[in-house]
Structure formats: structure tokens, C-alpha cells
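Report on the following structure.
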4 protein chains.
Amino acid sequence: MITEKSLKETFKIDFYRWKTAITFIGKNCIATRGYFLEDLIENVNFADIIFLLLTGNLPSQKESKMLNAILVSLCDHSITPPSTQVARLTASTGSTLNASVAASLLAFGEKHAGAIEKAMRLFQNTIKLCETEEDIPSLAKKTIKEHLQNAKKIPGYGHRYHHKDPRAAKILKVAGKLECAGPHTQLAKEIEKTLHKTKKIHLNIDGANAAILSDLGFHWSAGTGIFMIGRLPGLIAHINEEKTQEKPFRKTLKLEEIQYYGKKPGKLRESKNLDETIQQYTKKYKKLKHPTAF
Amino acid sequence: MITEKSLKETFKIDFYRWKTAITFIGKNCIATRGYFLEDLIENVNFADIIFLLLTGNLPSQKESKMLNAILVSLCDHSITPPSTQVARLTASTGSTLNASVAASLLAFGEKHAGAIEKAMRLFQNTIKLCETEEDIPSLAKKTIKEHLQNAKKIPGYGHRYHHKDPRAAKILKVAGKLECAGPHTQLAKEIEKTLHKTKKIHLNIDGANAAILSDLGFHWSAGTGIFMIGRLPGLIAHINEEKTQEKPFRKTLKLEEIQYYGKKPGKLRESKNLDETIQQYTKKYKKLKHPTAF
Amino acid sequence: MITEKSLKETFKIDFYRWKTAITFIGKNCIATRGYFLEDLIENVNFADIIFLLLTGNLPSQKESKMLNAILVSLCDHSITPPSTQVARLTASTGSTLNASVAASLLAFGEKHAGAIEKAMRLFQNTIKLCETEEDIPSLAKKTIKEHLQNAKKIPGYGHRYHHKDPRAAKILKVAGKLECAGPHTQLAKEIEKTLHKTKKIHLNIDGANAAILSDLGFHWSAGTGIFMIGRLPGLIAHINEEKTQEKPFRKTLKLEEIQYYGKKPGKLRESKNLDETIQQYTKKYKKLKHPTAF
Amino acid sequence: MITEKSLKETFKIDFYRWKTAITFIGKNCIATRGYFLEDLIENVNFADIIFLLLTGNLPSQKESKMLNAILVSLCDHSITPPSTQVARLTASTGSTLNASVAASLLAFGEKHAGAIEKAMRLFQNTIKLCETEEDIPSLAKKTIKEHLQNAKKIPGYGHRYHHKDPRAAKILKVAGKLECAGPHTQLAKEIEKTLHKTKKIHLNIDGANAAILSDLGFHWSAGTGIFMIGRLPGLIAHINEEKTQEKPFRKTLKLEEIQYYGKKPGKLRESKNLDETIQQYTKKYKKLKHPTAF
């Protein structure tokens, strides 16, 4: 029988519009990374499926517990992050839950959410250089030295609200107990040892998670993804709280809280020849170097 | 010759994936709403193309000037709106310009950006009831009465930072001069007359623009679109200012500025039988009606 | 000692900028919904923290397993949903992971992602009317009748790609085994019984999850949030696949796949008096009712 | 009198939360870049305000006309760009206008919307090296040579749907007529001359606009901003068309259009010892290098 499909195949008409190795969909059939979804529903937990989707493999029981703990550690940090402020400000304008979440995730810029990925890259690139475990302490010293020389911060250390991030110590303890701490975690701890001695700086939750995720086999480019997954429930809770507990479009700023430092306001003179007037203004104005224009 | 196209046509294989009446694209040919783009580039200004895209027609010269003035009036209101705060907070995390703009537009929720559309709908629905211009003053009174009875605010009146919005009076003057003020504008002014007498409330820029846009023939559902177009340049300026004048990920909030009113922190007791412990906690906890949970 | 804080308190200067009941942050201290985060990291899994954040309570072990299964069931449906297409198209332009996720979540509009919430609301509002469990079969019949009379689809039934959604049957089986199926689930099944007899339509995964989530005590307004949490890992996998396996800015559409049905392109005549020409065009044009303008 | 303000000043309590040089807001007073908004409403057009916001200066009449023409040239390119597909797909799920616009702008990634900015940077950096206009032809040759040697495309040339972009020639003609074409435009044309001879490639609208915007004094980092401003009206028209002319959540993809190339679906064996089974699977599986995982 001649069908659309057979014709397309015979005449090599473009057939596939997309290709994917993630999930197979057939009629009444869904299989993700090679496992029927019915089986997954009955046998694995949510962190397992995250592991499966992002690495292609199911975790062992210990790896599963470890990823669960990491995701728990990321769940919320109250309204201090700009992303949570953005979530609530957006919700306060009457936007939907999903739009408010989307706005918030746009504030996961590299200066805010990038530390985990940067730390993973640093740890992974450093450990690649390492041939025996004995090398790790010296690699740690070398890493610190290089950053100091270039006046660069080492990602994953220090916290602007905490002196000693209570989550970092606990997640490292869990990693030890679950035998999930490998060379990347050892490196992270070695760096902390020196930084603490010289600068009283501790590993933060981003740095600790970055090290453990690297030992679990995650590629550094998955870092921001895992942070978003871990933080999403907290964002949803904040958006719901804003929508149900606060008045919409409440005044979040008074005029006196904004400092204006631009050009003193003046009048465009009314004139038959506006172009001339404007050019006059413009000329005068061009002498000032304007502080904020592109 | 048998081609993919001829085959598809012969055998009625799905051919079109999208359809549109906005722009025709052929090889080396672009025509928007029926006009070759080369012609438009040479002969019309940006507001004309906005008018053309949103209404299907090019404006007259007076209509063109009017729409230009409306768009100018919407350009910026400093950092007071939540959308501008969102733009800058997002930019402060190192996000790109377009991501920061997108976040900001997500805060154009109906409680913030919806007034122009709501006022347009109100004016348009009211004027539809109106058979002669003499009716307008009585329709205005009826409108106010209905809103008062239902304890509803009339959209487009009053401003949380200005007693008398300086943009509204000016845009109405321009509309008069350009002969663009029709029945919707008359209605808006009549409502203002009464509201000012009884409550000292003035028409704001949303209300004034809503009336004039209605007289220009825009459907009320275009209101938020025109607001976004008018405000976009200001948002871009703010994002650029944040990126070039401020330090990234600056601390925008101190811990003491956040009031915590939830459950007093306690310890999950360590226990062999965690489930029991948690249920214990949970039971006690369930008695409190939690203020923010879904 | 006079401090900023004491001064603010004495003189009642605005002190708190935000308030929240979700997480308490002190120096070196983080506690969510009343539990120290260190404790949570060590003792609960990721689904537990989702339960805690969205309901205010920790789940029992069975509830925890149930929520894990629900989240697994939502993880991915290949590229069929518009939200996944949006994720990949956005990623194909070189946008960051978080921006691509945000775009995707914006396509969780109520026509796509709304079914779970609508089904939860329907089930919850119906069960509220129910005094004894005997009532459920008759409430099911009444619900179907009302929808039929108003020619409205019942949310949570039928699927555009599957005749019998394989996830729905499995999640209901799991709910039975875990003793998490209550009156809402019974109602959902009763409705399915009749719909299947009369229309060969089955419960889909949205409907099944909506019923079980309602029995777990989630308010219907949490539905889209839970869908987003469950789907996020899949979206991240797709964005990563697009970025690593496909060429950026690949051509996803041929010109012949777009059907143009607007005004036939013509030339703006060159004229000293452009305004007149345009009005001429415009007049002619106004006679056509334009199909797409606002 | 002791006021909140005086106290704050006396005791140096944090006073300003934001600072800006863009717009001054006082009670009943709004002034942007030093001009009262009432004056701007009456005297300048929308492109002027865009010029003012992004450069700090008002344009001359010729510059104003030039920027208007550039913005017109960017207005729409039907559904071919991924950003427009994203706009419509998002709208098809029932999302709001502003959410659909935001999703679309997120697809203004550097591979799609970046050409204008990259071309501006190239032209501006090259012209900086140029001491006399005589240098331009040799700088053009040097630029081409460098790109060829590094196998890099020169941004702003060639178009995937047009052999000769009809907008580019026209905008250059307008720039000539308005005396807005300077050294950057000359450079762009010189590069085109050679590229056309050797590769039959023409300047596209991004390249032409990049050159003229550079001659108008815009910094290269404003490029994507101007593209977004110019394209926004078209996006809004498409979103409105989708919402009013198409059925919501229409099926945009058939299962047969998705090619699955991942692991062949198999069953997770039911087992008392799931961990062991999974590890078995995992081990076998780890031998395959998975094509898409992070």
C-alpha cells in the first residue's frame, strides 16, 4: 500500500524533523534512556531519574542517596538571592506561576548560579592532571597559587551571608558515609585547608556539591542544571507565598531610595526649528561624557 | 519533473506547517502586510510600521504623530516599577541583555501592566453602548456608579507616585491638536471630571493612552503590546546601566531586612525509625494552620 | 549602644522589606519550614523536601514513595510537547541553559500544562460535596453529565499520542500498593469507567496524578508547580542534547512550509504627497476585513 | 523636625537602594536624560527617544530618519527565525502575550541575533586602526584574509533564505541620501566588494545596519538591543495571529517526525535486590558511550 511514509522513504523526502536519544515514544509506549517508564515509575526515585536523564545511567543505591542529599541541600536560601527576589517581584505583578519561575531562572546568571559549574570545571581539569592520589595536596597548593597570582577568586569558597556554611560540612560528611567522596572531594578539602589557614575562608555548599558531583561522574556543564532542579521547589514556594500572603503590585520602593545622578532636567525650548535647537542641546551635551549610555 | 513539492501536492502529503498573513517571504523578497519592505524602509517611520503590524493599515500623518507621542510617553519611569527592578536584578547576576529583558517583561503582569488594556476594554465596551455623543456624560456617570457599587477601581486613574501625572495632560493636549481625540477620549475626560471632584483623582498616562489608542482604532487586546514596545528602550538602558555601572552580584538585601514568621526551627531527632519520628513531628505540626503552604 | 537597628526600631523606620515563613536564615544557620537544613540533608530525600516546601509538612514514608513515583512519571515525553520544542529551538540559537529552560517553562501555558491543575480543582471541588463514600459513583455520573451538557472536555482524560497512557495505569497501581489512593482517586476511576464505556477514553497521566496528589493533600494550585518540577530534568537533558549534538542555528523550516494568506504585495507609489497615497491605500485596504490584526 | 530622612542622613543609615542616570522622578515630574517628558512627548518621535535612551543624546533630523529606517528594516521575517517559532509555539499553549514575547526574546541567542553585534564590533575595532580613509580598502582586505585564514565567517554577510537581501541595498541607499554613511559603512561595502567577487556573497541587513549604527555613534553592545526593539512589533503581531487564528495546543509534530537513536528499550527486571540488578544493567550500559548525556 502506498502511504505517506512509504512515499517519503522512496523519494527521500525529508522525513525526520527532530532526533533524540533521550526518550522513545510509540503508541502507548514511553521509554526513557532505554527503560520503560512503567518500570521506572515502580522502581526508582526522583533523584534516580535525574541521574539517568543527565548521565545516561541509573545510579547505585549509594549514588542515589548522595544525589538526593545534594538536591536537598540546594532547596532554598530565603529571599537573599536575586533570583528569589525576581521570583517574588514578578509574582507580585499578577504573573502566572510558570512565568514567575521563568523570570527567576533568568536571574541564574553566571555571577549568581555559576559558582557550582566553575568549581566543577576547576576540580575536573585539575584532577585530570593528577596521576597518583599523592599529587592532590600539591595540586591544591598550585591551584591556590595560580589564582592568587592572577588575583582571581577560587569558585566554591566563602559565602556572603555565612562565615561557615552549615550545609557544606554536612554534605561532606554524608559523602564520606556513602563512599561517594573521591579525588575531587579530596582536592576541594585540601584547598579549603590552606584557604582557611591563610584567609579564614571555608568551602561553601556550591564548592562541596561541585566536588561530590564530579566524583559521581557528572560533567561540569551539568552544574547549573542541578542547581536549578534543586532550587525549583523553593522558588515555587516563594511565588505561592507572595501570591497568597501579599497584596499585588505592592510598593517595593520609595522615590527617596533612588539616587539620580544624571543630567539636570531642563526644557526643550519651543522653536520653529526644532532640529537646530536639539542640535544645540546635543552639542553642549556631547561635551559631558555620559556615564551610562552604551 | 517529479519534485518533493509536486509529490507532496499530488499525494496531499502535509505541506504547510505554518500559515500567516503578516509577512510574505520569497527568495530576495520580503513584504509586510502587503507592502514591499524596501518601500517601507524608505517611506515610513517606526511608529507607522507598528501601526501597520498591529492594525493591518498604515496610519495617516496625524495618526502617525499621535502613535509616536504615545510611545514616547511610555519610555521609562526609573526604577520604581517591579519590571525595571527585575530587569536590573537579573542583569546584576551576569545574565545577557536579552535574558534580562525577557525577565523584565515577565513582570508585566496584569496587576502592573494591565491597566492600559483594562481601561481600553472599559472605554470600548462603554462607547459601544453609546448612540449619540450626548450620551457620553451620562455613560461616564453610570460607569463610575457601577464601579463604586462593586467597590472596584476604575482602571487608568490615579498614580502611586504622582498626584497629577504630567504625561497624561500633555498627551491629551497633543491628541486634541492632532484631531485624534474622539468619543473614547471624551469619555475618559468625563470620568476624570467626576473622579476629580469627588476623590481628587486624575487620569494617569495609562488611562489617557488607552482612550486615545481606542480612538485610533486599536483593539483593547493590543494595549499591553504597545506598552511593551514603548517601554523596551528604557529597559535596555537600565540593563546596560546596571551592567556597566554596578558590581555584579552586589548584595541587594541584608539578613535583617527579612522578617521570618514561620515555624520556630527545631531538630529532627536522630532515630532508627525516622518514619515514626517524622510522623510525630508532622502530627504536631498539622495542628498549626501553616500560613503559606499551598 | 545606638545601632542602625536600634534607631530604626525606636523611630519606627521601615525595617523589614520582605517577610517569609519558608526559610529562616541567620549567620551560619539555615532552617526550612522549621527544620535545620543539616538535619534535612542527612535524613530526607528530594521528594520529601518538595512535599515539605509545598505543604508545610514532611510526608510519611509511603507518601514520600508516592510523590517520588509521581515525579518520575512526569520526567519526559520526547519532543512532542511545544514546551520541549521551545527548549530546543531556544538552545539552538546559542542561548544559555537557564535561558532555554525559562523559555520552555513559558510554554507551560494553561492549554498545555493546565490539565493537571484543572483536574485537581475538579476532583477537589467534587469531593467537597461528598458526604459518604457511597456518593462517589453518583458524583462521577453528575460530573460527566454536566460536562457533556456544556460541551466541555473533562480534564485529565484522553491523550493525543496514546490511546491508553501506560503511565496512568501504573501510577494508580502504585497508589493502591502504597495506600495513597483515597476518594479523589476513586472519583477519577469512576469517571474513567463511564468515559471508557461511552467514548473509549482513558484516564491520562495528568488525571491520575491529579487524583493522587489531591489524596496526598496538595491544593490544586500546586499542580503546575509539581509538573514543572517533574519535567525540569527532561528539559535540561533535551537542551544539552541540542547543544552538543546539533549544529547551532540550524534551519528548522523551509520557505515552502509557510503558507501566506495575507494581502497581495504591492508597491507604495513614490509620491511627493505620501500621506495622500497612503490614505488611498489604506482606504481600499480598510474594506477588507483583515484576518489577523488586533 | 526629625524625619525618617533626617535621621537616616544624620546616622548614615543606608539611604539609597538604587542609583541611575536615566530618568529623574519627582512628585508630578518625570525627566529622561535631562529632558522633561512633557517636552519630549510633544517634540520628538519614538526613534528619537530610543536614540536618547541608548546614547544619551537626541539625534539630528537626519540621524532620526536613519534610525527610523533601520528599525523599520528589522520589523519581521515571517516564521523563519527560531525566535518567531518560539513566540507562536508559546502562544499556542495559552500563555499570555508578555510571556510569549519573553520566550521569543530568549531565542535571540548569539547564534541567531548576535550577527549585528558581532559585525558592529568587527567594524568598530577595524576602523579604530584606521588613520586615513585611504586605509579602508586595505583594512577590508586584511579583515577578509584574517577570517579566511582562521576559517571564520565574517558576520553580516550572506543570508540563508536570500541570495541578495533586498533590505540591505535599500538601507545603504537611505544612509547615503541622509549623509549617515561614514567610514564603517565604507568598510562594510569594501568587504562586500571582495566577498561578492570571490564567493558571490552579499551584505545582509544585519551587516548593513551594523555599519550604519556604528557611523551613528552606537557602541557595538547596543546591537542586540536595537534588533529586539525593531523586531518586537512583529513578534506581537505573530503572537496575536496565533492566538486568534489557530486552535490552542494544536499538534505541531507527529510521532514519525522524531527519530529515536538512543538505547533500545528494555525491562528493569523485577528483583528483591534492585540495587544489584540496576548495577548489572548499569555496568553493561557503561560500555556504550552514550551519545547525549552531559
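For the reader, a short list of remarks on this structure follows.
- Between A:78, A:100, A:214, the residue with the greatest mean-square fluctuation in the GNM of chain A (Cα pairs under 10 Å linked by springs) is A:78.
- The residues B:162, C:196, sorted by heavy-atom accessible surface at 1.4 Å with ligands and nucleic acids left out, run C:196, B:162 from largest to smallest.
- Once the 1.4 Å probe is applied to the protein heavy atoms, chain D comes out at 41 Å² accessible per residue.
- Cα pair distances of the stretch D:223-268 binned at 5 Å [whole percent]: 5, 14, 12, 12, 11, 12, 12, 10, 7, 5, 2
- Point-to-point label distance, residue B:246-residue D:152, nm (Cα→Cβ direction, 7 Å offset): 3.2 nm
- Compared with the dominant Cα axis of chain A, that is its longest principal axis, helix A:46-55 is turned about 90°.
- Inter-copy spacing of residue B:196 label points, which lie 7 Å from Cα along Cα→Cβ, given in nm from shortest upward: 6.0, 6.9, 7.0
- Under-5 Å amide H pairs with residue C:157, H placed in peptide plane, nonlocal only: C:204
- With contacts taken as Cα pairs under 8 Å and at least 6 residues apart, chain A reaches a relative contact order of 22 percent.
- Rounded to the nearest 20 debye, the dipole magnitude of the stretch C:202-268 is 700 debye, with +1 charges on Lys and Arg beta carbons, -1 on Asp and Glu beta carbons, and the Cα centre as origin.
- Sequence-separation-based contact order of the stretch C:49-174, relative, with Cα cut under 8 Å and 6+ spacing, percent: 20 percent
- Pairwise Cα separations in the stretch C:77-170 fall into 10 Å bins from 0 onward with the following percentages, short to long: 13, 31, 29, 17, 8, 1.
- Chain C has one residue whose beta-carbon comes closest to the axis relating it to chain B; that residue and its distance in whole Å are C:99, 2.
- Accessible surface comparison of A:160, A:121, probe 1.4 Å, protein chains only, largest first: the order is A:121, A:160.
- Prolate/oblate/rounded label for the protein assembly as shown (Cα gyration tensor, a/c 1.5): rounded
- 12 Å beta-carbon shell around residue D:33, net charge (K/R +1, D/E -1): -2
- Remark: the stretch A:94-252 carries a charge dipole of roughly 740 debye about the Cα centre, counting +1 on each Lys and Arg Cβ and -1 on each Asp and Glu Cβ.
- Here the Kirkwood formula, the inverse mean of 1/r across different C-alpha pairs, assigns the stretch C:26-79 a hydrodynamic radius of 12.3 Å.
- Modelled label reach - residue B:163, point 7 Å along Cα→Cβ, the stretch B:183-199 residues with backbone N closer than 16 Å: B:196-199
- Anisotropy class of the stretch A:132-252 from Cα gyration tensor, a/c 1.5 cut: prolate
- Database remark: amide H of residue D:19 closer than 5 angstrom to the amide H of A:259 (H placed geometrically; neighbours at sequence offset of 5 or more, or on other chains; Pro and chain starts carry no H).
- Listed residues B:187, B:137, B:151: farthest to the positive end of the dipole of the stretch B:133-192 (Cβ charges): B:151
- Most positive-pole-ward Cα, D:258, D:209, D:176, against dipole of chain D from beta carbon charges: D:258
- For the stretch D:184-196, backbone phi angles converted through the Karplus equation (6.51, -1.76, 1.60; θ = phi - 60°) give residue-by-residue couplings of 5, 5, 4, 4, 4, 5, 5, 4, 4, 3, 5, 4, 5 Hz, Gly and Pro being listed as x.
- Most mobile of D:195, D:253, D:67 in a GNM of chain D (Cα contacts under 10 Å): D:253
- Within the accessible area of the stretch A:106-261, the carbon and sulfur atoms contribute 52%, probe 1.4 Å, all protein chains present.
- Farthest towards the positive end of the charge dipole of chain A, among the residues A:230, A:108, A:30, is the Cα of A:108, using unit charges on the Cβ of Lys, Arg, Asp and Glu.
- Backbone phi angles across the stretch B:21-35, fed through the Karplus curve with coefficients 6.51, -1.76 and 1.60 (θ = phi - 60°), yield HN-Hα couplings of 10, 8, 9, 8, 10, x, 5, 6, 9, 9, 9, 10, 6, x, 10 Hz in residue order; Gly and Pro are listed as x.
- Put simply, chains D and A cover up around 6200 Å² of each other's accessible surface, both sides summed, when a 1.4 Å probe is used.
- Taking a ≥ b ≥ c as the square roots of the eigenvalues of the Cα gyration tensor, chain A is oblate, since a/c reaches 1.5 or more and a/b is not larger than b/c.
- Using Cβ point charges alone (K and R +1, D and E -1), the dipole size of chain D about the Cα centre works out to roughly 1900 debye.
- Starting from the label point of residue C:245 at 7 Å along Cα→Cβ, the same points in the other copies fall at 3.4, 4.3, 4.7 nm, in ascending order.
- Only lysine pairs 8 or more places apart or on separate chains count here, and in the stretch B:31-145 those with Cα atoms under 30 Å apart total 16.
- GNM remark for chain C: springs join alpha carbons under 10 Å apart, and the peak mean-square fluctuation among C:204, C:98, C:43 falls on C:43.
- Computed from Cα positions, the angle between helix A:135-149 and the longest principal axis of chain A comes to roughly 10 degrees.
- Per-pair calculated FRET efficiency, R0 = 60 Å: residue C:259 and residue A:130 via Cβ, rounded to 0.05: 0.50
The values are calculated or read from the model by the stated rules, or taken from the named source; none is laboratory data. Just so it is clear, the structure is predicted and the values come from calculations on it, not from any experiment. Cβ: placed from backbone, ideal geometry, glycine included. Neighbour counts: every protein chain shown. Calculation scope for accessible area: heavy atoms of the full protein, side chains included, ligands and nucleic acids excluded. Shrake-Rupley method; radii C 1.70, N 1.55, O 1.52, S 1.80 Å.
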